[in-house]
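J.: First the structure, which I've put down as structure tokens, then a few questions once you've had a look.
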Amino acid sequence: MTIESVESSGVTFLKVTNSVGLALTLSDFGAGIYEIRYLGVPMTIAQKDKAEWLHSDAYFGKTVGRIAGRIKEGKLDYLGKTYSLSVNEGVNTLHGGVEGFSFKMFKMDVVHLGDGIAVDYYLVSKALEMGFPGEVDLRVRYLIKENEPVFRIVYDAKSSEQTPLNFTSHTYFNLGGEDTVERQILYIDANETETYDSAMIPLGFAPAPKCLDFTTPKAVGKDINDPYLQNARTLGYDHCFAFRSNKSSFPVLTLENGSFKLSLRTSLPAVQIYSDNYPRMGALLTNGQKEKQHSGLAIEPVYKPNDFHAMTCMPYEGKRNFIEYTFSKKGE
Ligand code: G6D
């Protein structure tokens, strides 16, 4: 295992490389993933310019919180009270508000474990920060084993009172640095998907239409121009998929091309898929490509939108979830 640290714009970028060629470049700003490479090949996209990446509204690789997704008019109705949240997308709240966790500086610690290392990022979010109830202590732990092409993100949260939490990793995958992910093959173990209004406010789940059915693996681009996917804002995938059953011991999602395969295991019950529908056209990306529509596929395991009961963190109990990504090389 090698660890290299680089300072840039007041932020520490930590590159961790294990002995089977998995390399994660992490950042204390937004407890984010700046880049993942496997066997020296890019598996993700982000803005190459680190100063731009830090504050990008693409949330490339960032930890999103306190609540990933949209909350209508910034009104959180929770346990009989209505909390007025920070609004940052018109009248609505997206990804925790103006200064969500993606744009906060975490404290970093590196822990050497028997068979790998943990890179821990800590943040304390005061009560009513961005309008959310309760004080929250979060540890985001990146676990990288020495001899496996696997990493696990573990969210460990404690709170001073009952409060809803829905953290995720907003990493955009593109296996092998292709120009877009449209030819890459996606499988998702889900047959119900979220419905939305014209502002992408979630309205509830329904049986997945054909264009959102990935229970049989298909190319990301196969149905991406389906009229169902066109809404006031975008053309492409920007949808939440509820897993049919998730024992967290088998992959609930895979993405693959001719050379590489990515498998997702998670304790979370759903996944938001966003196909980079409104890119920063021409921006140079970490995979050497210039950004365009569908340059990457954000794969964001989450709780179902608005399921604030499931999101609840109880004081004195805390809340833990994990996201695990496994990489493999075809023909290995
Ligand atoms: C857009 O609607 C999408 C979100 O799903 C995504 O997280 C964000 O861009 C980066 O707002």
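The values are calculated or read from the model by the stated rules, or taken from the named source; none is laboratory data. This one's a predicted model, so the numbers in the text were calculated from it and none came from an experiment. Ideal geometry is used to build each Cβ from the backbone, glycine not excepted, and the neighbour counts take in all protein chains shown. Surface accessibility is based on the protein's heavy atoms, side chains included, excluding ligands, DNA and RNA. Shrake-Rupley method; radii C 1.70, N 1.55, O 1.52, S 1.80 Å.
J.: State the number of residues belonging to segment 57-68 that are more than 25 Å from residue 326 (Cα to Cα) and open to solvent by 10 Å² or more (accessible area, probe 1.4 Å).
T.: 1
J.: Considering each residue of segment 280-301, count those that are within 13 Å of the ligand (Cβ to nearest atom) and open to solvent by 10 Å² or more (accessible area, probe 1.4 Å), and give that number.
T.: Adding up the residues that qualify gives 2.
J.: Something else now. Quick one: in segment 190-206, which of the residues that are hydroxyl-bearing (Ser, Thr, Tyr) and open to solvent by 10 Å² or more (accessible area, probe 1.4 Å) is farthest from the ligand (Cβ to nearest atom)? Don't jump to the end; show me each part of the working.
T.: Taking segment 190-206 as the starting set, the residues that turn out to be hydroxyl-bearing (Ser, Thr, Tyr) are 193, 195-196, 198.
Keeping just the survivors that are open to solvent by 10 Å² or more (accessible area, probe 1.4 Å) gives 195-196, 198.
Details: 195: 14, 196: 9, 198: 12 Å.
Among those that are hydroxyl-bearing (Ser, Thr, Tyr) and open to solvent by 10 Å² or more (accessible area, probe 1.4 Å), it is 195.
J.: Considering each of 245, 275 in turn, give the residue that is on the phi < 0 side of the Ramachandran plot and either of a type in the set (A, V, I, L, M, F, W, C) or out of contact with any His (no Cβ under 6 Å at 6 or more places or on another chain) (or both).
T.: Details: 275 fails: either of a type in the set (A, V, I, L, M, F, W, C) or out of contact with any His (no Cβ under 6 Å at 6 or more places or on another chain) (or both).
The unique qualifying residue is 245.
J.: Out of the residues in segment 11-38 that are more than 15 Å from the chain's Cα centre (by Cα) and among the charged types (D, E, K, R), state the one that is nearest to residue 124 (Cα to Cα).
T.: Out of the qualifying residues, it is 28.
J.: Looking at (1) in contact with a Ser or Thr (Cβ under 7 Å, 6 or more places away or on another chain); (2) closer than 22 Å to residue 291 by Cβ; (3) open to solvent by less than 20 Å² (accessible area, probe 1.4 Å), which one does residue 35 not meet, given that it meets all the others?
T.: Only one criterion in (1) in contact with a Ser or Thr (Cβ under 7 Å, 6 or more places away or on another chain); (2) closer than 22 Å to residue 291 by Cβ; (3) open to solvent by less than 20 Å² (accessible area, probe 1.4 Å) is unmet by residue 35, namely (3).
J.: Next question. Would you be able to tell me the number of residues in segment 234-279 that are touching a helix residue (DSSP H, G or I) at 6+ places or on another chain (Cβ under 8 Å), open to solvent by 40 Å² or more (accessible area, probe 1.4 Å) and assigned to a loop (DSSP other than H, G, I, E, B)?
T.: Count: 1.
J.: Select from segment 319-332 the residues that are more than 14 Å from residue 153 (Cβ to Cβ), surrounded by fewer than 17 Cβ atoms within 10 Å (Cβ to Cβ) and in contact (Cβ under 8 Å) with a residue 60 or more places away in the chain and list them in ascending order.
T.: 328, 329, 330
J.: Something else: For segment 292-308, which residues satisfy the criterion of being more than 20 Å from residue 219 (Cβ to Cβ) and either touching a Ser or Thr at 6+ places or on another chain (Cβ under 8 Å) or touching a residue at least 40 places away in the same chain (Cβ under 8 Å) (or both)?
T.: Answer for segment 292-308, where residues must be more than 20 Å from residue 219 (Cβ to Cβ) and either touching a Ser or Thr at 6+ places or on another chain (Cβ under 8 Å) or touching a residue at least 40 places away in the same chain (Cβ under 8 Å) (or both): 300, 301, 302, 303, 304, 305, 306, 308.
J.: Determine the pairs where a residue that is over 25 Å from residue 252 (Cβ atoms), located within segment 190-203, has a partner that is within 12 Å of the ligand (Cβ to nearest atom) and in a strand (DSSP E or B) with Cβ atoms under 6 Å apart, the partner being 6 or more residues away or on another chain.
T.: Sorted first by the residue in segment 190-203, then by its partner, the pairs are 201/70.
J.: Just for segment 216-233: of the residues that are under 21 Å from the mean Cα position of the chain (by Cα) and open to solvent by less than 60 Å² (accessible area, probe 1.4 Å), which one is nearest to residue 68 (Cα to Cα)?
T.: Out of the qualifying residues, it is 229.
J.: In segment 294-332, what count of residues is obtained for those that are modelled with pLDDT of 95 or more and within 24 Å of residue 185 (Cβ to Cβ)?
T.: Number of matching residues: 16.
J.: Further question: Within segment 166-173, can one find any residue that is touching a residue at least 40 places away in the same chain (Cβ under 8 Å), surrounded by fewer than 22 Cβ atoms within 10 Å (Cβ to Cβ) and touching a Lys or Arg at 6+ places or on another chain (Cβ under 8 Å)?
T.: no
J.: Which one is nearest to the chain's Cα centre (by Cα) among residues in segment 55-114 that are assigned to a strand (DSSP E or B), of a type outside the set (Val, Ile, Thr) and within 14 Å of the ligand (Cβ to nearest atom)?
T.: Only one residue fits best here, namely 62.
J.: Is there any pair with a first residue in segment 34-54 that is modelled with pLDDT of 95 or more and assigned to a loop (DSSP other than H, G, I, E, B) and a second that is acidic (Asp, Glu) and open to solvent by less than 50 Å² (accessible area, probe 1.4 Å) whose Cβ atoms are under 8 Å apart and which are 6 or more apart or on different chains, and what are they?
T.: Hits for this filter: 46/35.
J.: Which one of the conditions (1) more than 19 Å from residue 231 (Cβ to Cβ); (2) open to solvent by 10 Å² or more (accessible area, probe 1.4 Å) does residue 305 fail to meet, given that it meets all the rest?
T.: All conditions are met except number (1).
J.: Also, I was wondering about something else. Can you pull out the residues in segment 79-107 that are among the aromatic types (Phe, Trp, Tyr) and open to solvent by 10 Å² or more (accessible area, probe 1.4 Å)? Let's see the steps before the verdict.
T.: Residues of segment 79-107 that are among the aromatic types (Phe, Trp, Tyr), as a first pass: 83, 101, 103, 106.
Within segment 79-107, 83, 103 qualify.
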